């Protein structure tokens, strides 16, 4: 158990950040999953910019790696373009 005040504060801050990051990462994963499951091209094209923005925000805040965000954006763009 931490004894110093700064260590106790660090524990509180890191837990709050963990919960915050987990929420946004989970929300983005659900959005990506929904986009990949979509078979309607118009609906998918409407969702694509929103999901891309979510991924960019996660990468900017270092919740996910920037290369991972780029890979996911590339794969969902391929999926949207392949829909007829």
As an exercise, use a Förster radius of 22 Å and the Cβ-Cβ distance of residue 19 and residue 61 to find the FRET efficiency, rounded to the nearest 0.05.
0.95
Give me the percent relative contact order of the chain, please, defined on Cα pairs under 8 angstrom at least 6 residues apart.
30
Computed Rg/Rh for segment 25-77 (Cα atoms; Rh = Kirkwood radius) stands at 0.96
Which value at 222 nm does the chain reach when only helices count, each DSSP H run of 4 or more adding -39,500 (n - 2.57), with the total divided by all residues and rounded to the nearest 500 deg cm²/dmol?
-29500 deg cm²/dmol
Under 19 Å from the residue 45 label point (7 Å along Cα→beta-carbon), backbone N, segment 61-84
74-84
Return one number: the angle in degrees, 0 to 90 and rounded to the nearest 10, between the long axis of the Cα atoms of helix 66-82 and the longest principal axis of the Cα atoms of the chain.
20
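Bear in mind these aren't lab numbers, they're just calculated from the coordinates by the rules spelled out. For clarity, every value in this text was computed on a predicted model and none was experimentally measured. No Cβ is skipped: glycine too gets one built from the backbone with ideal geometry, and neighbour counts run over all protein chains shown.
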